[in-house]
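Reviewing the structure listed below.
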Amino acid sequence: PIIPKWNWSCLPVIAGAIRKFAPDVVHIQYQTGAFAMHPAIDFAPRLFPLFPSVPSPTRFVTTFHDLRVPYLFPKAGRVRDWVTRELARSSDAVIATNDEDYLKLETWNLKLLALIPIGSNVPTTKPPNYQRTTWRAQLGIAPDETLLCYFGFLNQSKGGETLIRALALIPRAKLLMLGGQVGASDPTNFAYLAKVKTLIAELGLTERVLWTDYVPSEIVTANFFAADICAMPYLEGASYRHGTLMAALAHGCAIITTQVPSQKSKVKSELPILQDGENCLLVPPDDPRALAGAIQRAMASPALRAKISAGARELAQHFTWDKIAQQHLDLYETLLR
């Protein structure tokens, strides 16, 4: 890394790198928490043309990974919104990764807007000599038990409490929590994790909830394939902005997740959709009983699990990195014509 700290001093350093490499396109991958919550990067496309060291015309592209009102500095209000819009409007092209953000960006009077999704960052390569039955036994899963899994950090928006309350309604099932427990960008995540663990203890589920913490990607893959069902009850509904969902799709998991308001008719460049009963099961957000009911429905029907698993794997073919790379190249070529 060439940036020791994200603040105003980073701009001359980035300008120097642009002078050195003379790229045709500078692409900013934007999410507020990734830049230490400092606004310097938001003004980069506007300010860099003023640097004599930055060759002209250098094109600036920004991918917005999440436009939801952030948990980070929530009191910033209008200032935060203005700064974010400044980055979008001064960029030569803007990319949304999901329909929800595309719809919002569409109202911002941008120079060029594209919809390009993210893919899975977890390869589907199993450990050598992987045996599903043996792996499940090592996890302590009895032959007559169902193994649920959840992937990703816990925070208020991910529906962790909903999942735990649903688990309490389901006999003969255990829950495997895959990956690190919390992200470092939001201090409130630790308080939320403590709240979830307290709920687990209060409901007598301590022995039925297993935690992996950080593990290599091939271990994540092994656990995905060991699970019968992947439950991710996002409170705001499932979205392709979630890398955790993209990983579950890529692994062909039998996914149970949450509904989102239908917006497909409003989006010009459509992504394929999550379809209840075809590539997942969909339930209302923040509804433990509905979630438990869907899990039990899937538990009772190997054929249903196989169907939505195959549907997830087919859906994931729309989100391969080769296709995503080509979409980016097409956008860059459009800019440089």
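Quick rundown of the values:
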| quantity | calculated |
| --- | --- |
| Given (1) in contact with a strand residue (DSSP E or B) (Cβ under 6 Å, 6 or more places away or on another chain); (2) in a loop (DSSP other than H, G, I, E, B); (3) under 29 Å from K126 (Cα atoms); (4) not hydroxyl-bearing (S, T, Y), index of the condition L281 fails | (2) |
| Subset tally (residues that are more than 13 Å from I118 (Cα to Cα), buried (at least 16 other Cβ atoms within 10 Å of the Cβ) and of a type outside the set (A, V, I, L, M)) for the range 313-331 | 1 |
| Condition check for A36: surrounded by 14 or more Cβ atoms within 10 Å (Cβ to Cβ) and on the phi > 0 side of the Ramachandran plot | yes |
| Every pair of residues 6+ apart whose Cβ atoms lie under 8 Å, when the first sits in the range 52-64 and is among the aromatic types (F, W, Y) while the second is part of a loop (DSSP other than H, G, I, E, B) | F60/S91; F60/D92; F64/Q31; F64/T97 |
| Among the residues listed as L281, L245, L249, the single one being without any contact (Cβ under 8 Å) to a residue 40 or more places away in the chain, of a type in the set (A, V, I, L, M, F, W, C), within 27 Å of E218 (Cβ to Cβ) and surrounded by 16 or more Cβ atoms within 10 Å (Cβ to Cβ) | L245 |
| Pairs where the first residue, in the range 258-277, is over 20 Å from G311 (Cα atoms) and the second is modelled with pLDDT of 60 or more and part of a helix (DSSP H, G or I), C-beta under 7 Å, 6+ apart | Q263/D99; Q263/E100; Q263/L103; K266/L103; V267/D99; V267/Y102; V267/L103 |
| Unique residue being under 20 Å from the mean Cα position of the chain (by Cα) and closer than 30 Å to V260 by Cβ when the list is N98, N109 | N98 |
| Selection count where residues are crowded, with 18+ Cβ neighbours inside 10 Å, more than 22 Å from R313 (Cα to Cα) and at pLDDT 95 or above, scope the range 137-158 | 1 |
| All positions within the range 165-180 that are within 13 Å of D228 (Cβ to Cβ) and either outside the structural domain of R136 (by TED's automatic domain parsing) or not charged (D, E, K, R) (or both) | I170, A173, L175, L176 |
| Near pairs, Cβ below 7 angstrom, 6+ apart or cross-chain, from the range 26-41 (of a type in the set (A, V, I, L, M)) to any residue that is assigned to a helix (DSSP H, G or I) | V26/I18; I28/I41; I28/A44; A40/C10; A40/L11; I41/F35 |
| Tally of residues being part of a helix (DSSP H, G or I), within 27 Å of K158 (Cβ to Cβ) and charged (D, E, K, R) across the range 284-322 | 6 |
| Residue list for the range 190-209, restricted to those being farther than 24 Å from R136 by Cα, free of Cβ contacts under 8 Å to residues at least 40 places away in the same chain and of a type in the set (V, I, T) | T198 |
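The values are calculated or read from the model by the stated rules, or taken from the named source; none is laboratory data. Please read these numbers as outputs of a predicted model, since none were measured by experiment. Please note: Cβ atoms are built from the backbone with ideal geometry, for glycine as well, and neighbour counts cover all protein chains shown.
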